[in-house]
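Visitor: Can you read through this structure? Questions will come right after.
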Amino acid sequence: MSLNRLRLATTPTLSATLLLAGLGLLTAMLFGWQIVGDWPAPGDRLAGLILFYATLPRGAVALLAGAALGLAGALMQRVLRNPIADPSTLGVVSGAQLAMSAALLYAPGLMAVAREGVAFVGGALALFLVVALSWRRALDPITVVLSGMLISLIAAAFSATLILANGEYMMSMFIWGGGSLEQQSWAPTISLVIRFVLAAVVAGLLIRPLELLALDDANARALGLGVTGTRLAVLTLSVFLAASVTAEVGVIGFIGLAAPNLARMAGARTLRQILFLSPIAGALILLMTDGLVRLVSLGISQTVPTGAATALLGGPLLLWLLPRLGGSLRVTQQSVVLAARAASWRLLFPALLLLVLAACALFVGKNGEGWALATGHILDLVVPWRAPRFIAAAAAGAMLAAAGVLMQRITGNAMASPEVLGISSGAGVGLAAVLVFMPAASRLVELGGAAAGAVIAILLVIALSARHRFAAERLLLSGIAVGSLAGALVTVVMARGGPESLRLLNWLSGSTSRVSPEDAMTALAAAVLFIAPLPLLARWLQVLPLGLSFAQSVGLKRSLAASILVLIAALLSAASTLFVGPLSFVGLMAPHMARLAGFVRPIPQLIGAVLIGAALMVLADWMARTLAFPYQLPIGLVAALVGGPYLVWLLNRR
Amino acid sequence: MRTRRNLLQLFAGSLALPFASARADEGGIAIVDWALLETALALGLKPMAAVELVLYQKIVAEPALPDGIIDLGLRGALNFELLATLQPSLIYGSNYSAWANDTLMRMAPVREFSIYLRGQAPFEKAVAAMRGMAGDQGLQARAETYISETEHFLAATGERLARQRQRPILIINLGDARHFRAFGSDSMFGDVAARMGFVNSWATRTAYSAAAPVGLESLADHPDAIIAVVGPVPPEAARTLPQSALWRAMPAVREGRTVWLPNINPFGGLPAARRFARLLAEELKRVA
Amino acid sequence: MVAEASAARPAASKHALFDLAGVSFRVPGRSIIESLDLRMEAGQIHGLIGPNGSGKSTLVKMLARQEVPASGRIHFCGEDIQSQGDRVFARRLAYLPQFMPSTDGMNVEEFVALGRFPWHGTFGRFTVVDRAKVAEAMDQTGVTPFRARLVDTLSGGERQRVWLALLLAQDTQCLVLDEPTSALDISHQTEMLDLVRNLARKRGLSVVVVLHDINMAARICDRLVAMGSGRIVADGTPADIMRADVLERIYGISMGLFTHPDSGIPVAFVR
């Protein structure tokens, strides 16, 4: 096998080839060792069946799933001209998982007959949203991945809600989320073989148009290629591959990212080489990871799911790739939507809206019979519960919006938002650690754990991007990498399925219902404390979006300004994350809405975004509280569902 | 046969008790934990409000819910506002709802009874919970009757399964067609099976009543055991497993030592313990 | 403030504007500029010319402190260029990049006002002096009529003038311009470069400008420095450079010259 590879690669460096060959050898040894371990004693028919129906198909599925994801990743990277695209970074896997969870609960009959179809629809829908969000920025690689991350987070929040609301099949959904390669028959293997071969043939037919896509769209078009059609066909094919894998074994992350890069390292340069080597590399990586997982979990009854293990590799892999991506990830200049400017007095409108919504939140609600206006005695009873929620929601919305303004201005990227700093995921890891190691910890300890996790995450991101003077793409990619690492850790804890999983899910889905009056006041104080000084730094906010070089030529120390602003953004989102969960969508949306309402200069935009963010969250909280009364919806999800379609429309408006 | 009829009558009798209304001089009680809700209903108490009643009817099933209990929403996302307007006089919760204690105590005193603790057998704790609740409500006599009935029922049911309990039992829950989790000695099912005289085949330690999911092939490590699959079973697993060569090759399946039980609350109180014992006995008798 | 302001204007006559000694710049696997020595005088317009990839852009980026040399030293007005504070440096030298970023929805006046940042800093007040300097810069570049328009909606030529206004508002003694005319048609190129020359004369500025068009360069510059493969291949007055043999050495193709019928300046053409 390694000989073949040597011949294929035109300029393989010796060490890279050795690396691949070594990987292959190690994998083969690991798997061989498993087979030896499971080899039946003479006459032990059951052990023979286990070898034949569990061990061998598990290996086969690992190879096939790895190959399919490797191919899917290679195709996506090619067609989007994006070296960090893969089914997990683009949200395809999360979309497929969400669709499967929803179908299991609400259309079990459909799940029984059309599992792959359900997964495909979910994955395709997620990818469609990602493309819609980043279309106006010409599918610029970082913007695409940012959108993918956002869609993944929302899909995960959605899945969490489904799991929480339906206890029946909780275990199935945890297993999918973790991604397990366990087998008990050859049926999934056969299904994957058919699908992989089919996809490989189609990919082979598409090779010529794919080669042309290396040119930019205009050139490819000039050569007579239907660019949009080709892209659509190839993306459909990769979603098909990724959804097939997800349907059989659940979420397996980052193989599609790792495999093509490994293939490139081994010397693959042309499209044909990459398309040939990526599935091989993917198959080897997944089989090896699975072998290691089985090795580690020997003797421990609580296994780490394989998918969670590959996801753990994803964060470090992205970090390792960062310096090697070179200019291919340079952030393209954004085409700013030029809104008519509004006079500052118009800021009264969002302020008024906030007041109206606040009144709504306090006075209007539901009781056992339906909608009711709270007055008199009832009002006295409900206000102590409604007021803290509304205050915390408003404070969190304001802080997220301010953090969003800062992030978008520091990076000059319209898709940047607080969650790309990896803060909420870091807080999640801190909370998970507290829940696992100190199950009886008090709320204060939990808050402390979450805060510590957030601080560690942000320090990591700052450390990783400081060397590059906080260049926009480094900052964003470091945040994405740290975020996905932290997300994978949370997945591992969640896959254990214990009571801490439920608490984590509850936190992930985002809620204001636990907020005490003290919490609300603390959140409000944090909002005032961190937002109030920002207008003093308005000049930084004006200079930074123009880029590194401009800041330098007018004598602004960009590193200093960016690190201070990043730190403030981190504090803002950490504070809101602690009290109401990881609800970062508002942080993306509010700055856009403020800008499109005509508040363009830093201070009006900041004030506008803060007011709009607060109003959005108060509205979302009110809806979350009343729509499914007495059951409560997760506020972050409501905010995403209310604002998401509007944002897609805004970003694509001409 | 006679014993069985007697037992069933006894059992039915305890369910038919009229509901005792909460003490007249106070507001009603609210219950934010399913095991305690079961316990209260078994005592004949009718709480004014409790949690996640839609799913309760699917998974817990018995004791049946009387009409008129107000649903407080998900266990993990209680509707505090609604609860506050109901002005309860007392709230029952467990370690699973302890996260909400600070908030709940702003409305009414909270009584906490924890049944499921890491590495501890839950049956006695369920008994203690029932005694504690009965003590609060002046229903000691009813509690003692229920407890002794339950203990008697478990022992008697075990006796009737003398032949079956010569084999160890493996109590599992299916995640999908490829994974199961087993209930160990610190689970209610494991504890109840032990009280019925069974040896639990799952000897390894578990955390909070059930191990993390393991692969189906691990069933082969328990060749002599009876396998009891507790519902709910995912439809897809129910469809594929009977065709699976590996599943059919497992000794317990091959030799007809597998029973499928309907939904039972794995984190229940004494009523869940009783339901498990009854359903297990019925199914084992049926396949025998 | 007074001390700082005077520090920003060292006695230009005593020191060279730029003094480079043994300056090198490398990217992994390749050397862009190798051991360069160069002196540029204050008060002159220097044109950097040469074929693509000759290192002119890298050189101006080092002069503007956008890049740091791998070895060697650069003195600016007699001081080591790296030893000067960011804002102090930005009060002495203004830089126009080759690729100009989008201006984030700012209007012309707001954008030009950013040029005052080196003077007022993060917290300083925007004073009457600042306002006057902005107004003067906009006047001298003729952008005052569209002061309220968004920079991103302007035409290429207008936008270039707005950027020049920002550089003037910086109120420096030295301008470094990296291909300021590459996106412009011939009439706007001429207009832009004439504007630069007139303003340089009027304000007594030193200018370093990268230009592609040798004839344009010869028309406005006092001195031309020609680069090739990271080295200086020719250096002198336009008259020294505008010779067939020198031009052939610079561009590697055979070129000829004739005398402009109106101005009498030599004009180069490809044979």
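What follows is calculated from the coordinates using simple rules that are stated; it is not laboratory data. All values reported here derive from a predicted model rather than from experimental measurement. Virtual Cβ from ideal backbone geometry, glycine too; neighbours counted across all protein chains shown.
Visitor: Can you check how the C-alpha radius of gyration of region A:46-204 compares to 2.2 N^0.38 Å, as a plain ratio?
Guide: 1.13
Visitor: Each residue of region A:201-209 in order: what ³J(HN,Hα) in whole Hz does its phi give by Karplus 6.51 cos²θ - 1.76 cosθ + 1.60, θ = phi - 60°, with x for Gly and Pro?
Guide: Each residue's phi maps through the Karplus curve to give 5, 4, 4, x, 5, 8, 4, 4, x Hz.
Visitor: Related question: How large is ³J(HN,Hα), in whole Hz, for each residue of region A:271-286 in order, when computed from phi with the Karplus curve 6.51 cos²θ - 1.76 cosθ + 1.60 and θ = phi - 60°, using x for Gly and Pro?
Guide: 4, 4, 4, 5, 5, 7, 7, 4, x, 5, 4, x, 4, 5, 4, 5
Visitor: Need one word for region B:113-215: rounded, prolate or oblate. Basis is the Cα gyration tensor (sqrt eigenvalues a ≥ b ≥ c); a/c below 1.5 gives rounded, then a/b vs b/c decides.
Guide: Verdict is oblate for region B:113-215.
Visitor: Now a separate question. Within a 10 angstrom radius of each residue's Cβ in A:161-171, how many Cβ atoms of other chains show up on average? Whole number is fine.
Guide: Per-residue shielding by partner chains comes out at 5.
Visitor: When we measure straight from the Cα of B:K46, which aspartates and glutamates land under 17 angstrom away, once same-chain ones fewer than 8 places off are left out?
Guide: Cα-Cα hits under 17 Å: B:D25, B:E26, B:D33, B:E38, B:E62, B:D67, B:D71, B:D136.
Visitor: Using Cβ counts within 10 Å as a stand-in for footprinting exposure, how do C:H120, B:H152 rank, fewest first?
Guide: Ascending number of Cβ neighbours within 10 Å: B:H152, C:H120.
Visitor: Convex hull volume of the Cα atoms in region C:2-243, per residue, in Å³?
Guide: Cα convex hull per residue, to the nearest whole number: 134 Å³.
Visitor: In angstroms, what radius of gyration and Dmax does region A:2-306 have, counting Cα atoms only?
Guide: According to the Cα coordinates of region A:2-306, Rg and Dmax are 19.8, 69 Å.
Visitor: Shifting gears a bit: Compute the Rg/Rh shape ratio of region A:480-598: radius of gyration over Kirkwood radius, all on alpha-carbon atoms.
Guide: When Rh is taken as the Kirkwood radius, the ratio is 1.06.
Visitor: Could you estimate the translational diffusion coefficient of region C:137-210 from the Stokes-Einstein equation, with Rh from the Kirkwood formula over C-alpha pairs, at 37 °C and 0.692 mPa s, in whole µm²/s?
Guide: 262 µm²/s
Visitor: Can you bin region C:121-271 into rounded, prolate or oblate? Criterion: square roots of the alpha carbon gyration tensor eigenvalues sorted a ≥ b ≥ c, rounded for a/c under 1.5, prolate for a/b above b/c, oblate for the rest.
Guide: prolate
Visitor: Could you list B:D186, C:D213 so that the one with the fewest beta carbons within 10 Å of its beta carbon is first and the one with the most is last?
Guide: Placing the least packed residue first, the sequence is C:D213, B:D186.
Visitor: While we're here: Take chain C, mark every one of the chymotrypsin sites (Phe, Trp or Tyr not before Pro) that falls in a DSSP loop and has at most 16 other Cβ within 10 Å, then report the longest stretch left between them, sites excluded.
Guide: C:127-271
Visitor: Exactly which trypsin sites (Lys or Arg not before Pro) in region A:502-558 are in a DSSP loop and have at most 11 other Cβ atoms within 10 Å?
Guide: none
Visitor: What does the charge count around C:Q44 come to, taking other residues whose C-beta lies under 10 Å from its C-beta (Lys +1, Arg +1, Asp -1, Glu -1)?
Guide: Net charge in that neighbourhood comes out at -1.
Visitor: Taking region A:413-482, how much of its Cα-Cα pair set, in percent, is spaced more than 18 angstrom apart?
Guide: Roughly 42 percent, once rounded to a whole number.
Visitor: Let me ask another. Using a Förster distance of 35 angstrom, determine the FRET efficiency expected from the C-beta separation of C:R30 and A:R208, and round it to 0.05.
Guide: 0.55
Visitor: Taking each residue of B:95-103 in turn, how many C-beta atoms of other protein chains fall within 10 Å of its C-beta, and what is the average?
Guide: 4
Visitor: So what's the net charge close to B:I115: Lys and Arg +1, Asp and Glu -1, counting the other residues with Cβ under 13 Å from its Cβ?
Guide: -3
Visitor: In addition: Considering every pair of different Cα atoms, what Kirkwood radius, in Å, is found for region B:163-287?
Guide: 14.3 Å
Visitor: Still on this structure: Need one number: % antiparallel among DSSP beta bridges in the protein assembly as shown, to the nearest 5.
Guide: 50 percent
Visitor: How much of the DSSP bridge set in region B:163-287 is antiparallel, in percent, rounded to the nearest 5?
Guide: Taking every DSSP beta bridge with both residues in region B:163-287, the antiparallel ones total about 40 percent.
Visitor: Over the alpha carbons of the protein assembly as shown, what is the largest minus smallest coordinate on each principal axis, giving the biggest first in Å?
Guide: Ordered largest first, the protein assembly as shown gives principal extents of 129, 79, 47 Å.
Visitor: Report Rg(Cα)/(2.2 N^0.38 Å) for chain B, keeping two decimals.
Guide: 1.04
Visitor: Starting at the first residue of region B:173-184, write each ³J(HN,Hα) from the Karplus equation 6.51 cos²θ - 1.76 cosθ + 1.60 with θ = phi - 60°, in whole Hz, x for Gly and Pro.
Guide: Those phi angles translate into 9, 9, x, 7, 5, 10, 10, 9, 10, 10, 9, x Hz.
Visitor: Calculate for chain A the 222 nm mean residue ellipticity that helices alone would give, adding -39,500 (n - 2.57) per DSSP H run of length 4 or more and normalising by residue count, nearest 500 deg cm²/dmol.
Guide: -24500 deg cm²/dmol
Visitor: In peptide B:244-250, what is the residue-averaged number of other protein chain Cβ atoms found within 10 Å of each Cβ?
Guide: 5
Visitor: A follow-up question, please. Can you classify region A:40-128 as rounded, prolate or oblate using the Cα gyration tensor, where a ≥ b ≥ c are the square roots of its eigenvalues, rounded means a/c under 1.5, and otherwise it's prolate if a/b beats b/c and oblate if not?
Guide: oblate
Visitor: Once you have all Cα-Cα distances for chain A, histogram them in 10 Å bins from zero and send the whole-percent values.
Guide: 3, 16, 26, 26, 18, 8, 3, 1, 0
Visitor: Students often check this: by mean Cβ neighbours within 10 Å, which of B:111-122, C:171-182 ranks highest, and how do the rest follow?
Guide: Descending mean neighbour count gives C:171-182, B:111-122.
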